[in-house]
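The values are calculated or read from the model by the stated rules, or taken from the named source; none is laboratory data. Quick caveat: nothing in here was measured; it's all calculated off a predicted structure. Backbone-built Cβ (ideal geometry, glycine too); neighbour counts: all protein chains shown.
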Amino acid sequence: MKTDALIAMLARGDSRVAPGAVDRRLGATVAAGLALALVAVLTLLGPRADIGAAARLPMFWAKLIVPFLVGALAFAAARRLASPGRRASAAAALAATLLAVVWALAAFDVASAPVAARGHLLLGNSAPQCVALIALLSLPTLAALFVTLRGLAPTRLPAAGAAAGALAGGIAAAAYALHCDEMTLPFVAVWYVLGMAVPAALGTLLAPRWLRWA
Amino acid sequence: MEDVEETLRASLLLALAGDSQAYAAFLTQSGAHLRAYFRRRLVTSPNEVEDLVQETLLALHNRRHTYQTTQRLTPWLYAIARYKLVDLLRAQSPRRQREVALDDDEAAGELLAADASPAESRRDLLKLLDTLPDRHRLPIVLVKLEGRSVAEAAEATGMSEAAVKVGIHRGLKKLAAEASRRR
């Protein structure tokens, strides 16, 4: 086939595309993932028993804000990495800064607590299930984001996979915070972050194989 | 360099808004830049060049919705070209893939060369089209090759107009996947 003939074929007919396709598709996937994670947490795990009283405490909101910010930065990264020729350095740097701030505040909390209380501050009562449930809750969103990204055109596959994983993790952790009754920042800094890191690592590892498109 | 960016960008934006003449111009000019890009990088296998130009043009078409109007066009174009080149070299040998991996971003900054002497590809995409199922092949043949309207194609095949549009869209993606698989 002559290349001119291919060009004539591709250009024939209606080739219109509505602007903003990347944002629309990623946005729809995120909305569906968030809805699913909320339904799963509220029906299968149930909201924490004292959620009305807890919602008046700043720590309840801090636990939501950290995953929300992680998710927002990961979305900003994913929408750039879904298009060829773009990087997400600014979002990655902001995410690193966010982690550093959370860890610094948590370290301050631990350091200013009595030695005997430090263990509980870090470990809480639910560390293993926190990590496992956040990771588990993130999997449907991660799978859906991979399908969406394959329909776009990521060319930096591990980075795009990491962004998808962190986004799925942020959504899962925000939903899980409605169930979890831990109320310390060090707990969030260690176990929530670890829970979100699992899908991020998984996304990075699976991307070279599963984000390839032709 | 800036001229190339501006011309290509202007014609793609017109194309995405429905101007098929601008789209043909965009694809022709892109093809010339891609040909020069691949020719310089496939010195030892020049007969692969036109295949890869065509595959990349098909990818530009199938992925045109990923061009975000706030981004520069030439880096978008060359990132797709490089992705296709790495894909080809990976299929040939793992060692050559590493050679390309080294010059990651050079294309975006390089002075855009062009080579407007289209050859015929070795692999015939039209033959590959014959391997697709009817629901994909017929809409492409009727609308994209014979130039009939979507309504006429729907009438001729007994498919709905929506199914004809989906058939074209999915069929061209499948064609790209087949081309890359059968290398």
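Scanning the range B:115-153 for residues that are in contact with a Ser or Thr (Cβ under 6 Å, 6 or more places away or on another chain) and farther than 19 Å from B:Gln54 by Cβ turns up just one, B:Leu138.
This table checks each residue for (1) among the hydrophobic types (A, V, I, L, M, F, W, C); (2) free of Cβ contacts under 8 Å to residues at least 12 places away in the same chain.
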position: A:Leu10; (1), (2): yes, yes
position: A:Ser15; (1), (2): no, yes
position: A:Ala37; (1), (2): yes, no
position: A:Arg48; (1), (2): no, no
position: A:Lys63; (1), (2): no, no
position: A:Pro67; (1), (2): no, no
position: A:Ser89; (1), (2): no, yes
position: A:Ala96; (1), (2): yes, yes
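Residue pairs whose Cβ atoms lie under 8 Å apart, sitting 6 or more positions apart in sequence or on different chains, and linking a residue in the range B:67-81 that is over 14 Å from B:Glu5 (Cβ atoms) and assigned by TED's automatic domain parsing to the domain that holds B:Leu27 to a partner that is hydroxyl-bearing (Ser, Thr, Tyr) and assigned to a helix (DSSP H, G or I), are B:Ile80/B:Thr56; B:Ala81/B:Tyr37; B:Ala81/B:Thr56.
In the range A:9-26, the qualifying residues are those that are aliphatic (A, V, I, L, M) and at the interface with chain B (Cβ under 7 Å from one of its Cβ atoms), and the one that is surrounded by the most Cβ atoms within 10 Å (Cβ to Cβ) is A:Met9.
For the structure I just gave you, tell me whether A:Ala160 is part of a helix (DSSP H, G or I) and touching a Pro at 6+ places or on another chain (Cβ under 7 Å). Yes, satisfied.
Here's a check for you: in the range B:59-75, which residue that is more than 7 Å from chain A (Cβ to nearest Cβ), polar (S, T, N, Q) and closer than 15 Å to A:Ala21 by Cβ is farthest from the chain's Cα centre (by Cα)? Per the criteria, the residue is B:Thr70.
Has the range A:102-115 got any residue that is within 30 Å of B:His169 (Cα to Cα) and not in a loop (DSSP other than H, G, I, E, B)? If you could, list the steps in order and put the result at the bottom.
As a first pass, look at the range A:102-115 and keep what is within 30 Å of B:His169 (Cα to Cα): none.
No, every residue in the range A:102-115 fails to be within 30 Å of B:His169 (Cα to Cα) and not in a loop (DSSP other than H, G, I, E, B).
With B:Asp51, B:Asp3 as the choices, which residue is farther than 28 Å from A:Arg24 by Cβ and either in contact (Cβ under 8 Å) with a residue 60 or more places away in the chain or not in a helix (DSSP H, G or I) (or both)? Steps first, answer last, please.
On the way: B:Asp3 fails: either in contact (Cβ under 8 Å) with a residue 60 or more places away in the chain or not in a helix (DSSP H, G or I) (or both).
Only one candidate passes the filter, namely B:Asp51.
Among the criteria (1) touching a residue at least 40 places away in the same chain (Cβ under 8 Å); (2) in contact with a Ser or Thr (Cβ under 9 Å, 6 or more places away or on another chain), the one B:Tyr23 does not fulfil is (1).
Restricting to the range A:135-154, what's the tally of residues that are part of a helix (DSSP H, G or I) and over 16 Å from A:Leu38 (Cβ atoms)?
Residues of the range A:135-154 that are part of a helix (DSSP H, G or I), as a first pass: A:135-150.
Subset that is over 16 Å from A:Leu38 (Cβ atoms): A:135, A:142-143, A:145-150.
The qualifying residues number 9.
Quick check on the range A:81-103. Is at least one of its residues surrounded by 22 or more Cβ atoms within 10 Å (Cβ to Cβ) and out of contact with any helix residue (DSSP H, G or I) (no Cβ under 6 Å at 6 or more places or on another chain)? Within the range A:81-103, not a single residue is surrounded by 22 or more Cβ atoms within 10 Å (Cβ to Cβ) and out of contact with any helix residue (DSSP H, G or I) (no Cβ under 6 Å at 6 or more places or on another chain). Under the condition of being of a type in the set (A, V, I, L, M) and in contact with a Pro (Cβ under 7 Å, 6 or more places away or on another chain), the residues counted in the range A:140-155 number 2.
Of the residues A:Leu122, A:Leu145, A:Leu105, only one is of a type outside the set (Val, Ile, Thr), over 21 Å from the mean Cα position of the chain (by Cα) and closer than 28 Å to A:Ala164 by Cβ; which? Spell out the reasoning first.
Working: A:Leu122 fails: closer than 28 Å to A:Ala164 by Cβ; A:Leu145 fails: over 21 Å from the mean Cα position of the chain (by Cα).
Step by step, each of A:Leu122, A:Leu145, A:Leu105 is checked, and only A:Leu105 is of a type outside the set (Val, Ile, Thr), over 21 Å from the mean Cα position of the chain (by Cα) and closer than 28 Å to A:Ala164 by Cβ.
Being basic (Lys, Arg) and surrounded by 19 or more Cβ atoms within 10 Å (Cβ to Cβ) holds for only one residue in A:Arg118, A:Arg156, and it is A:Arg156. Those helices (runs of 4 or more DSSP H) of the range B:118-183 in which 1 or more residues are in contact (Cβ under 8 Å) with a residue 40 or more places away in the chain and surrounded by fewer than 21 Cβ atoms within 10 Å (Cβ to Cβ) occupy B:125-129, B:161-181. Of all the criteria given as (1) modelled with pLDDT under 95; (2) more than 30 Å from B:Asn47 (Cβ to Cβ); (3) among the hydroxyl-bearing types (Ser, Thr, Tyr), the one not satisfied by B:Ser160 is (1).
Checking each residue of the range A:48-66 against the condition of being more than 9 Å from chain B (Cβ to nearest Cβ) and of a type in the set (Asp, Glu) gives at least one match.
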